Amino acid sequence: MTQDSLQRFAREKLARLDADRLRRELLTTDRTGPATHRRSGSDLISFACNDYLGLSRHPDVVAASVKATQRLGVGAGASRLVTGNHSLYERLERQLAEIKGTEAAVVFGSGYLANLGTIPALVGKRDLVVIDELCHACLYSGVRLAGSDLQIFRHNNVDHAAELLQQNRESHRFCLLVTEGVFSMDGDRAPVGSLLELASEHDAWLMTDDAHGLGVVGDGRGSNATPPGELPVPLQMGTLSKAVGAYGGYVCASREVVALLHNRARSFVYTTGLPPGTVAAASAALDIIVSDVQLTRRPLELARRFTETLGLPEAESPIVPIMLETADRVLAASKRLADAGFLVVPIRPPTVPEGTARLRCTFSAAHRDDDVARLATAMRAILESV
Ligand SMILES: *Cc1c(COP(=O)(O)O)cnc(C)c1O
């Protein structure tokens with residue numbers, strides 16, 4: 001049979017993953033409330049979700065989505081450059097640009113697609129990309145597609161980034177300097193101000209991925225909200241699928257850069273626009289984010305309470321990693337937490353570097369104080385027993 005080699009290939013690859021305890025499987029998980037999930041017949045309090053503000057279920061957000069769906073249908077029907085650019089996009093892009101302090105914004109199908117399309121639209125083979133080692137897989141995918149010279153600096157190490165720029169900048173045409181605002185698996189924040197300065201010294205373009213910053217740091221405006229009068233980070237990417245609670249990705253930039261992306265980002269040009277209901281939901285959620293500062297502060301407050309209780313370094317974002325090093329240990333710890341009624345997912349390589357497997361706890365405005373206190377107690381027992 002012609003498919004024998006395909007079957008064998010899949011079987012052997014899976015056996016390798018099994019042997020390394022790195023095989024992943026889909027588990028049916030229903031979100032039964034803003035911070036509760038039902039999985040394998042158990043109701044769990046979730047510290048695993050990126051819906052930091054519970055907005056995916058907020059009545060105003062849901063109502064906006066339903067209304068838009070009834071008015072404009074469930075799908076956009078075509079790419080945005082054809083007929084898929086329905087009227088709800090304009091408001092959403094204006095809101096994003098306003099929040100990030102840029103002239104314009106462009107919404108993509110997802111954050112992954114935004115990175116995959118934006119990087120190759122701006123840099124190519126003659127260019128240099130200098131990137132933090134812990135940046136998200138989709139930023140690396142974008143760089144690989146661009147075919148640029150890739151130089152990786154040690155995590156949050158501005159001196160190392162400077163060294164790489166000194167060594168490599170001159171022999172390239174353009175240069176992109178890339179970081180995350182809030183690091184997705186570590187929860188720490190980048191020194192955006194220092195990187196912006198460094199970029200300007202070397203005529204490099206700073207690009208920040210703020211997937212985990214918007215809505216939960218900087219009073220909701222994210223990692224690199226710029227004080228009025230100061231120049232913003234020129235390329236600010238992010239997602240509408242985490243604290244915003246909906247789906248989609250965005251890049252905030254100047255009017256001309258946005259117009260260029262409309263023309264050259266392949267993941268923008270050759271894909272269908274987002275469903276109207278999704279765009280309306282994101283817009284309604286951003287209205288809440290800019291008007292309810294208390295809500296945007298709560299996830300970080302809860303994360304700090306947790307790190308303080310356990311004597312861990314103070315949380316810089318609603319993401320708190322509990323480092324357990326090996327895949328075996330994180331799997332066992334995650335199982336123990338599930339038995340105690342908590343959903344905390346084990347994160348293993350290749351999502352994180354070898355030897356840094358961890359539990360990743362995310363805190364939400366929807367958690368009750370008592371949920372956090374009980375998680376801390378359960379986590380302490382685990383830390384004392386490893
Ligand atoms: C989640 C995430 C993305 C991808 O965003 P999606 O909208 O989920 O595709 C990109 N970058 C970072 C840092 C992320 O955490």
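Does the stretch 338-381 hold any residues that are free of Cβ contacts under 8 Å to residues at least 40 places away in the same chain, more than 23 Å from Pro34 (Cβ to Cβ) and among the β-branched types (Val, Ile, Thr), and which are they? Result: Thr356, single match. Run down Ala97, Ala161, Ala114 and say which single residue is of a type in the set (A, V, I, L, M), within 30 Å of Val344 (Cβ to Cβ) and buried (at least 20 other Cβ atoms within 10 Å of the Cβ). Answer to the selection: Ala114. For the stretch 118-150, the tally of residues that are charged (D, E, K, R) and within 11 Å of the ligand (Cβ to nearest atom) stands at 1. Taken over the stretch 314-343, residues that are part of a loop (DSSP other than H, G, I, E, B), farther than 17 Å from Glu384 by Cβ and over 22 Å from the mean Cα position of the chain (by Cα) amount to 2. What pairs come out if I take residues in the stretch 138-158 that are aliphatic (A, V, I, L, M) and pair them with residues that are within 16 Å of the ligand (Cβ to nearest atom) and in a loop (DSSP other than H, G, I, E, B) whose C-beta lies under 7 Å away, six or more apart or interchain? Between residues of the stretch 138-158 that are aliphatic (A, V, I, L, M) and residues that are within 16 Å of the ligand (Cβ to nearest atom) and in a loop (DSSP other than H, G, I, E, B), the close pairs are Ile152/Glu133. Taken together, Val251, Val279, Val269, Val293 contain a single residue that is under 30 Å from Pro120 (Cα atoms), modelled with pLDDT of 95 or more and more than 19 Å from the chain's Cα centre (by Cα), which is Val269. In the set (1) under 23 Å from Gly248 (Cβ atoms); (2) of a type in the set (Phe, Trp, Tyr); (3) part of a helix (DSSP H, G or I), Phe9 fails one condition alone, (1).
Considering Thr278, Thr309, Thr296, the condition of being surrounded by 15 or more Cβ atoms within 10 Å (Cβ to Cβ), under 30 Å from Ala357 (Cβ atoms), in contact (Cβ under 8 Å) with a residue 24 or more places away in the chain and out of contact with any strand residue (DSSP E or B) (no Cβ under 8 Å at 6 or more places or on another chain) is satisfied by Thr309 alone. Scanning the stretch 184-195 for residues that are without any contact (Cβ under 8 Å) to a residue 60 or more places away in the chain and surrounded by 20 or more Cβ atoms within 10 Å (Cβ to Cβ) turns up Ala190, Val192, Leu195.
Scan Asp127, Asp132 and give me the residue that is closer than 20 Å to Val182 by Cβ, in contact (Cβ under 8 Å) with a residue 40 or more places away in the chain and among the acidic types (Asp, Glu).
The unique qualifying residue is Asp132.
Against the definition (part of a loop (DSSP other than H, G, I, E, B) and modelled with pLDDT of 95 or more), how does Glu308 come out, yes or no? For Glu308, the condition - part of a loop (DSSP other than H, G, I, E, B) and modelled with pLDDT of 95 or more - is not met.
Here is a yes/no grid of residues against (1) within 16 Å of the ligand (Cβ to nearest atom); (2) of a type in the set (A, V, I, L, M, F, W, C); (3) modelled with pLDDT of 95 or more:
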| position | (1), (2), (3) |
| --- | --- |
| Asp4 | no, no, no |
| Ala15 | no, yes, yes |
| Glu25 | no, no, no |
| Thr28 | no, no, no |
| Gly33 | no, no, no |
| Ser40 | no, no, no |
| Asp43 | no, no, no |
| Phe47 | no, yes, yes |
| Asn50 | yes, no, yes |
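Selection of first residues in the stretch 159-175 that are in a helix (DSSP H, G or I) and of second residues that are surrounded by fewer than 16 Cβ atoms within 10 Å (Cβ to Cβ), restricted to Cβ pairs under 7 Å at least 6 apart or on distinct chains, gives the following pairs, ordered by first then second residue: His160/Arg154.
The values are calculated or read from the model by the stated rules, or taken from the named source; none is laboratory data. This one's a predicted model, so the numbers in the text were calculated from it and none came from an experiment. Methodologically, a virtual Cβ is constructed for each residue, glycine included, from the backbone with ideal geometry; neighbour enumeration extends over all protein chains shown.
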